[in-house]
Amino acid sequence: MDETNKNFIALPDEYSSFKKAKVAIMQAPYDKTTTYIHGTASGPAAIIDASRYLELYDDEINQETFKIGIHTAEPLEVEKLSPEEMVAKVYSSTLELLKAGKFPVMLGGEHSVSVGAVKAFKETYPDISVLHLDAHNDLRNEYFGSKLNHGCVARRISEICPLVQVGMRSISKEEKDFLSSQGPGAKVKTIDVYDILDTPMWKDKVTNSLAENVYISIDLDVFDPALMPAVGTPEPGGLGWYEVLDLLRDVAKDKKVVGFDVVELCPIKGQVASDFFAAKLIYRLLGYIFYGKK
Ligand SMILES: [Mn+2]
């Protein structure tokens with residue numbers, strides 16, 4: 001293996017050059033407003049590193065997904081920026097990729113990086129909605145003095161476009177009040193873990209609530225911490241690998257997924273299972289999106 005190759009799944013130029021690639025991997029190593037464990041800035045590099053050991057053949061969908069072409073862009077220089085500057089940078093970089101006809105995939109970094117991306121997608125796809133997988137609602141208007149704290153990301157996104165949240169199991173009174181204050185035509189729909197436990201057809205509820213164009217934002221803490229311990233704010237009772245894959249497969253089949261992000265990986269030194277988990281999730285989701293249309 002070529003140790004100097006810093007591309008996702010260590011793809012050679014033939015499948016990773018900007019010109020030929022359909023997908024563009026962005027890296028936003030930002031970690032400024034996290035509130036518990038810090039370290040998400042090293043998430044993107046850990047995912048890229050783990051991805052080198054992925055099998056190129058996807059045995060669930062029986063495809064060599066890399067053949068769509070996957071370009072890996074240099075990490076964005078966001079580490080020292082204020083949250084506002086970082087969001088502006090992510091926005092302009094995402095927009096540039098969309099204008100070039102690429103399918104952006106962003107690796108975080110803390111969850112606030114998603115705000116800039118969603119702004120760029122909204123400009124490109126005016127009828128877009130966001131599917132937000134997370135243990136937390138992230139609907140606070142302000143947290144620790146910032147409106148761009150990672151605990152406010154869904155609130156900011158809801159000001160851009162409609163949002164369907166899945167997997168929540170921790171909410172503040174303020175966020176609960178915000179959700180119940182929404183009238184008919186609510187911009188934020190939440191399918192929390194209790195809805196999932198009570199509703200056998202919960203996945204249909206999710207897909208039926210989404211617009212035709214969908215951006216997916218995956219906070220890795222949506223998964224159970226037994227499977228995904230490398231997150232900054234772990235919550236017990238999370239979703240399983242196959243449970244989330246089933247949802248993503250359905251959404252990719254029924255809707256037009258136009259981009260996604262995977263955020264909040266907070267690598268644990270010596271524990272590579274979580275990094276590899278994130279890398280495999282990304283590759284599998286790309287497979288669903290590019291080969292799984294009905
Ligand atoms: Mn979260």
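Using only Cα atoms, tell me the angle between helix 83-99 and the longest principal axis of the chain; keep it within 0 to 90° and round to the nearest 10. Orientation of helix 83-99: about 60 degrees from the principal axis. Here the dipole of the chain is about 760 debye; that uses its Cα centre as origin and unit charges on the Cβ of Lys and Arg (positive) and Asp and Glu (negative).
Could you tell me the center-to-center distance, by alpha carbons, between the range 250-294 and the range 216-248 in angstrom? Taking the Cα centre of each part, the range 250-294 and the range 216-248 sit 11 Å apart. Under 1.5 on a/c is rounded, so check that first for the range 129-235, then, if it is not, pick prolate when a/b is larger than b/c and oblate when it is not; a ≥ b ≥ c are the square roots of the alpha carbon gyration tensor eigenvalues. It comes out rounded by the Cα gyration axes. Projecting the Cα positions of Ile191, Val164, His150 onto the charge dipole of the chain (unit charges on Cβ atoms of Lys, Arg, Asp and Glu, taken about the Cα centre) puts Val164 furthest along the positive direction. When both bridge partners sit in the range 8-291, DSSP labels roughly 10% of those beta bridges antiparallel.
Normalising the average separation of contacting C-alpha pairs (under 8 angstrom, six or more residues apart) by the number of residues puts the relative contact order of the chain at 22 percent. Taking Rh as the Kirkwood radius computed over C-alpha pairs, what is the Stokes-Einstein D of the range 8-291 at 20 °C in a medium of viscosity 1.002 mPa s, expressed in µm² per second? Diffusion coefficient, whole number: 116 µm²/s. Checked against a 26 Å cut-off, the cross-linked pairs Lys19/Lys280; Lys19/Lys203; Lys89/Lys189 give Cα-Cα distances beyond that limit for Lys19/Lys203; Lys89/Lys189. Note on the chain: with a GNM built from Cα contacts shorter than 10 Å, the maximum mean-square fluctuation among Gly109, Gly101, Gly185 falls on Gly185.
The numbers here are math on the coordinates, done by the rules we state, and not lab data. None of these values were measured; they are calculated from a predicted model. Cβ atoms come from the backbone with ideal geometry, glycine included; neighbour counts cover every protein chain shown.
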